Structures are given as C-alpha cells and as structure tokens.
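**Student:** Take this structure, written in structure tokens, and hold onto it; I'll ask about it next.
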Amino acid sequence: MRFYEVLAASLVAPFVAAHGGTPGAPKIFGLARDVADLKTRNIFGGHNHRAAGHGSPLQARQGGADGRCGKDFGCATCDEGYCCSPGGYCGKGQDYCQAPDSQFDYGPGADANKLPSGGSTRNIARTKLGSVPYGGEGIYVCEKAGQIAITYDDGPYIYTNDLLDMFKSYNFKATFFMTGINLYKGAIDDASTKWPAMMQRMVTDGHQLASHTWSHQDLSAITSAQRYEQMIKLEMAMSNVVGKFPTYMRPPYSSCSEASGCQKDMADLGYHVSYFDLDTDDYNNVTPDKAQIPKDNVKKALDAKNSATDDFLAIAHDIHYQTVHNLTGYMLDLMVKKGYKGVTMGECLGDPEANWYRSSGSGRVATSSVFTPPACASTRASSSVAASRTSSGVVATPTGVSQDSSCGSAVGLTCLGFDQGECCSQYGYCGNTAGHCGTGCQSGFGKCDSSSGSSSVVASSAASSASAAQSSSASTPAASSASAPRSSSALPPAVSTVVSSSTISSAARSSSVPSSSTVKPSTTIQTSTRASSKPTPSPTPALVASPNGTCGGSKKYTCTGSRFGQCCSWNGLCGNTFLSCGQWMGCNELYGKCT
C-alpha cells in the first residue's frame, strides 16, 4: 500500500490516529519491499478513535483548570483512578482510558498503566540463542523457499477462535503478535475474558505467540524506561497464561528507531524485531465493498513468484471481521494452489521452537506500580527523552543539514536545506506535512508552522544560523555536514514524549511516525516547496546489493542487484515504482537506478 492511499482514507473516514480506537484497526508496520509504506498504515481502520470531548464541567481535583490534563494544559495530571483523554479531559471509561489513545502520562487510571500480577520478568536472563539477529533494523523476509509465514497483529480478539479453526482445517500455522490491553478489550490474562483460553489453544495447536507490546504505544516516541514497561508488562501477562514469554516482537506502527534507542533496547531485552514483506492491506479495507482489495494484493504478490524459489512474510490483523472471514480463507486456498506451506515466523527463519520463548518459571520478582506525574513539557525534553539517549551523544544545536531525513536533538542535524521538507517532526524526521511542521515540531532544527509545509513557514533564528553556517544557500546542503560549525545561539527543541494526542490528526500522525526508516512522501507535498537542488552525498566504493530493502544511509547499500527493487527512493528504500524511481520524487541515483 502507498502512503497517499492511507492519507486519502484518513481524510474521508473517521479512522484512528493511533492504532485506531476501535477494536481491530491496526496502524503502521514495516515492509522490506516498501518499508516506509507500512510505517504509515492506519492499522485500526474500522474502529472508532476514542477522543472524549468536553461535556459537563469536571472538578479541578480531577485535573487542572476545568478538569483539563495533558501536555497542552500545563502538564496537569488527573486524580487517582481517572484517565486523561486524547483531547485532554479527565474522566473514566473507554473514551478516556482506552489504549493506545489515552494520555497515560497524565492519567493514573489509563489502561496502559495497569500492571499484570505475578511479578516482573525483568530480571530473567536474556540469553541470545540461534542465528536470527536481535534488535537492530529488524527482519523483513523469510529464509525458506515454499513457505509463507502469515502473522496477525493486535489480537487476540472476538474473531480469533474462528481463525484458529480455519488454520487447523488446513494444518497450517500462524504467528500472533499480541497486544496486552489495547482497544479496551481487557488484559489478555484476565480470567473473565476469552483471551486466556485462546492463547492456550494457540500453543496447543502449534502456533507462535509473539509480542506487540502491552498497550500499543509508539516505541520511538517514549522513554527507554517506558519501552521496558511496554515489553515487560506483556511478558508478565503472557507468562500468567502460558508460563513463558516470546523472543519475537513487532513494534507498533513499525516504529523502533535507532535514534530513540529503541533498537538497542530491544536487543538488550533479547527480542527479534519483526516486520514483513507482504502487506495484505487488510486494515485499510475492512468493509465488504473493499474486501476484494486485500485478496488482489495477495494474488498479485504470489502470481509474481514461484514456490520453488520464493517465500513470504505476510501481515494481517485478526481484529477485523473481513480479514478472518473473507481474506484468510482465500489466502490459504491460494497458498495450497501455488504450492506454499503455511508456517510460523520462527520456522520460516529456520529458528528452532525452543528459541521462540523464554521460560518464566523462576526469576519473577514481586513488583508494584506507582504513578509518577511527568515534568512539564519544557523539561521532559531534557529529562525524559535526552536521558534515554545519553549514550547516543545527544546535542542541543544543529551541526549540519540532514542527508537522509533524520533530524533533531538525537542526531544534531537540521532540516533547513533538506529538499524533501524543512520541518523536523517530534519524532526526528524531516518533511513538510502537518505532522512534521505542526504539533511537536522541533523549531531548533527546522521550520515549524501548524499549517504544514507552506513556503511562508518561519524558521527559528537558531536553526537558520546553523544552516547558514553550513551552506550559503539553504536549498543546497553541503555534502559533508559533520564538519559544519555548531551554532552557539541555537536552542534545544521542545520534544514531547506523549503519544496519541487528539491534537494530532490521523493524517498528520501517519506522516510523521518513524520506524527503522522514514516514511514515504504523500501526495500533499507540493513540488513548489522543494529545493531546486538535491543533496549530493558521496557514496562509498564497493557498494553491496541491499539484503533488506534499505539503501544509502549508514550501511551504503545499493538497490542495483537487490531483490527488493533497483531504485533507491528519497527515504532510503529500494523499489521499482515511480515513487522510488522518479527523479522528481527524489530518487537517489548514487545507490540505484532513476528514471
């Protein structure tokens, strides 16, 4: 799927801004053949976004003035037992408490803040077994010809048992990337729900259980401590049901950037970061009139390959009725017809089942949860975000112009002079959409304006100084930014770590959420806002054909000869479409072909 398609959908339908808000709408995930596309997906399509508005006046004790809360209201927190809605109101119930939309930093009662029983798994040994890589940029492809690993995100859900029946009839296996408590479905270890029995059946039937975090927060937008909580809480809940927890995980929104420290944290926790190379696009086609589209996507992918030599790592979502009762049966029939076998992700990678889990039989430590109100937004940037990135060498002023769209305090680069957009989003990526230039935009590292990428955007003097110091023209970045002088007048950006605020529209959020690589440009980008010239980084000799669909960047992979496509797109991804190959789209001819 393409980002501009997701954007269009978000403008004509009340979809979600953070994995939806309706049970069964996934969002953004990473695909090797078009990784950035997956990172802008609204995976919770068809589920209503929970954004409580202002009803009757609330008592101040439940929050700040008039019961308001959150980073936009003086960082006021709600009273004990109350939740802070995406719109910044204190209250109780689904509209206020549902993960991932509830502002859990400002509401003690948020679902995301609930703690499973049984003790923490934090101190259990994280021995790295086998040859499958841990942490890092992630895994996008299978390794065994003739196999397809279908993975399902966001469950278990009310349709999952039917899905298990279907796989059993084909004697195929699947992998389930589970969330612990999102979509207001209750915790997966809650005995009063259907989820524990479903999970136990998955294990009995030979399927693979994996982590999609506790409450589906953006792992690149929260602190290291919060990332650990997201992983550990899911481990605790799963251990309460099946006595073990997984070594495979998929980041919500396919967002686990190196700059945020997420990739290192996942490696330290002993996780294989999992993406995919076949996106069914089911989350974006959840109604009967669109049910054929995901089928066509699957058929097109399989028709172009041969089971004797090829394999697939596919993604779908068992929180959607059409996925379970329409798409899946079609996929399984087509797989049989084409000669493919349905297996778990671990099997398709040649990883023994013993490596898929860690035993939680011993080593769990009694723990409790204490809600700690955050410092105000102006101080959180330095205390929460910067603290988790200390080892990465955070700098507060720009030292050069971005060459690959990364920007902000984590890398020290400005977007001024970057021809694909001069606004630095709160997640540290250059662009010119509302998501880059509006809420959370880092004014110290580029232009900021809530009206997004217009040419009238006024940049901060600090960022302008940094850009001017590097180049005499903001539209022509220097090839080598490392040696550019640091501006003494630049101020650190005000970065917010709170996610899922209703002030970020679905379209805007999609355009600024990062992953292991940046997102593709949307059709809202005006060519008139682009610089007249493109960056001209110098490639290194002896380029290696990309093994994972990425190009350029720190590893300098070329798309020439790569299975993922021959053209290197503006955001460092191999492909064969006009988005990747078009020179007007910023195709990088140093690392592939361009048309």
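The values are calculated or read from the model by the stated rules, or taken from the named source; none is laboratory data. Bear in mind that the values here come from a model prediction, so they are computed numbers and not experimental data. All Cβ positions, even for glycine, are placed from backbone atoms using ideal geometry, and neighbour counts span all protein chains on display.
**Student:** Just to check your reading of the model, which residue among S239, S224 is in contact (Cβ under 8 Å) with a residue 24 or more places away in the chain, of a type in the set (G, A, S) and either crowded, with 23+ Cβ neighbours inside 10 Å or not assigned by TED's automatic domain parsing to the domain that holds M335 (or both)?
**Tutor:** Details: S224 fails: either crowded, with 23+ Cβ neighbours inside 10 Å or not assigned by TED's automatic domain parsing to the domain that holds M335 (or both).
Only one candidate passes the filter, namely S239.
**Student:** Please verify whether L313 is within 24 Å of M331 (Cβ to Cβ), in contact with a strand residue (DSSP E or B) (Cβ under 9 Å, 6 or more places away or on another chain) and either surrounded by fewer than 24 Cβ atoms within 10 Å (Cβ to Cβ) or touching a residue at least 12 places away in the same chain (Cβ under 8 Å) (or both), treating the condition exactly as stated.
**Tutor:** Working: within 24 Å of M331 (Cβ to Cβ): yes; in contact with a strand residue (DSSP E or B) (Cβ under 9 Å, 6 or more places away or on another chain): yes; either surrounded by fewer than 24 Cβ atoms within 10 Å (Cβ to Cβ) or touching a residue at least 12 places away in the same chain (Cβ under 8 Å) (or both): yes.
For L313, the condition - within 24 Å of M331 (Cβ to Cβ), in contact with a strand residue (DSSP E or B) (Cβ under 9 Å, 6 or more places away or on another chain) and either surrounded by fewer than 24 Cβ atoms within 10 Å (Cβ to Cβ) or touching a residue at least 12 places away in the same chain (Cβ under 8 Å) (or both) - is met.
**Student:** From the list S131, S56, which one is modelled with pLDDT under 95, out of contact with any strand residue (DSSP E or B) (no Cβ under 6 Å at 6 or more places or on another chain) and assigned to a loop (DSSP other than H, G, I, E, B)? Steps first, please.
**Tutor:** Working: S131 fails: modelled with pLDDT under 95.
The match here is S56.
**Student:** (1) of a type outside the set (S, T, Y); (2) more than 19 Å from S254 (Cβ to Cβ); (3) touching a helix residue (DSSP H, G or I) at 6+ places or on another chain (Cβ under 7 Å): which one isn't true of K114, the others all being true?
**Tutor:** (3)
**Student:** Residues to consider are Q98, Q94, Q103; find the one that is in contact with a Phe, Trp or Tyr (Cβ under 8 Å, 6 or more places away or on another chain) and closer than 21 Å to R227 by Cβ. Steps first, please.
**Tutor:** On the way: Q94 fails: closer than 21 Å to R227 by Cβ; Q103 fails: in contact with a Phe, Trp or Tyr (Cβ under 8 Å, 6 or more places away or on another chain).
Only one candidate passes the filter, namely Q98.
**Student:** Can you name every residue in region 107-120 that is surrounded by fewer than 24 Cβ atoms within 10 Å (Cβ to Cβ) and either acidic (D, E) or part of a loop (DSSP other than H, G, I, E, B) (or both)?
**Tutor:** Looking only at region 107-120, we keep the residues that are surrounded by fewer than 24 Cβ atoms within 10 Å (Cβ to Cβ), and these are 108-109, 113-115, 117-120.
The answer is P108, G109, K114, L115, S117, G118, G119.
**Student:** I'd like to know if region 518-541 contains one or more residues that are hydrophobic (A, V, I, L, M, F, W, C), under 23 Å from A410 (Cα atoms) and modelled with pLDDT under 50.
**Tutor:** The initial filter retains those residues of region 518-541 that are hydrophobic (A, V, I, L, M, F, W, C), namely 519, 525, 531.
Pick out the ones that are also under 23 Å from A410 (Cα atoms) and you get 519.
Imposing the further condition that a residue be modelled with pLDDT under 50 reduces the set to 519.
Yes, region 518-541 has at least one match.
**Student:** Got a sec? Which of M231, M266 is within 30 Å of D162 (Cβ to Cβ), touching a strand residue (DSSP E or B) at 6+ places or on another chain (Cβ under 9 Å) and of a type outside the set (K, R)? Reasoning before the result, please.
**Tutor:** Details: M266 fails: within 30 Å of D162 (Cβ to Cβ).
Criteria check complete, one pass: M231.
**Student:** Ok, one more. Hey, could you check region 352-375 for residues that are at pLDDT 85 or above and among the small types (G, A, S) and say which is surrounded by the most Cβ atoms within 10 Å (Cβ to Cβ)? First the steps, then the outcome.
**Tutor:** First, the residues of region 352-375 that are at pLDDT 85 or above: 352-360, 364-366.
Narrowing the set further to residues that are among the small types (G, A, S) leaves 354, 359-360, 366.
On the way: A354: 9, S359: 12, S360: 20, A366: 8.
Only one residue fits best here, namely S360.
**Student:** Go through region 94-106 and give me each residue that's of a type in the set (D, E, K, R) and either closer than 13 Å to C69 by Cα or outside any loop (DSSP other than H, G, I, E, B) (or both).
**Tutor:** Taking region 94-106 and keeping what is of a type in the set (D, E, K, R), we get 95, 101, 105.
Passing the criteria: D95, D105.
**Student:** Would you check which residues across region 277-322 are within 20 Å of D154 (Cβ to Cβ), assigned to a loop (DSSP other than H, G, I, E, B) and among the β-branched types (V, I, T) and list them?
**Tutor:** Passing the criteria: T280, V286, T287, I319.
**Student:** Next up: Does Y140 satisfy being outside the structural domain of Y275 (by TED's automatic domain parsing) and not charged (D, E, K, R)? Full working, then the answer.
**Tutor:** Numbers: outside the structural domain of Y275 (by TED's automatic domain parsing): no; not charged (D, E, K, R): yes.
It is false that Y140 is outside the structural domain of Y275 (by TED's automatic domain parsing) and not charged (D, E, K, R).
**Student:** Looking at this structure, is A459 at pLDDT below 80, surrounded by 24 or more Cβ atoms within 10 Å (Cβ to Cβ), assigned by TED's automatic domain parsing to the domain that holds Q403 and not aromatic (F, W, Y)?
**Tutor:** Numbers: at pLDDT below 80: yes; surrounded by 24 or more Cβ atoms within 10 Å (Cβ to Cβ): no; assigned by TED's automatic domain parsing to the domain that holds Q403: yes; not aromatic (F, W, Y): yes.
The answer is no for A459.
Conditions (1) touching a Pro at 6+ places or on another chain (Cβ under 7 Å); (2) in a loop (DSSP other than H, G, I, E, B); (3) within 21 Å of L115 (Cβ to Cβ), marked per residue:
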residue	(1), (2), (3)
Y152	no, no, no
L164	no, no, no
K168	no, no, no
K173	no, yes, no
D189	yes, yes, yes
R201	no, no, no
D218	yes, yes, yes
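**Student:** For the list (1) β-branched (V, I, T); (2) within 18 Å of the chain's Cα centre (by Cα); (3) closer than 19 Å to Y134 by Cα, I need the number of the one condition that I232 fails.
**Tutor:** (2)
**Student:** Please go through region 234-275 and give me each residue that is charged (D, E, K, R) and under 16 Å from R126 (Cα atoms), ordered by number.
**Tutor:** Quick first cut of region 234-275, residues charged (D, E, K, R) only: 235, 244, 250, 258, 264-265, 268.
Correct list: E235, K244, K264, D265, D268.
**Student:** Please verify whether region 325-342 includes one or more residues that are crowded, with 21+ Cβ neighbours inside 10 Å and either within 23 Å of the chain's Cα centre (by Cα) or under 19 Å from N548 (Cβ atoms) (or both). Break it down stepwise before answering.
**Tutor:** From region 325-342, those crowded, with 21+ Cβ neighbours inside 10 Å are 327-328, 331, 335, 340, 342; that's our starting set.
If we keep only those that are either within 23 Å of the chain's Cα centre (by Cα) or under 19 Å from N548 (Cβ atoms) (or both) as well, we get none.
No, that holds for no residue.
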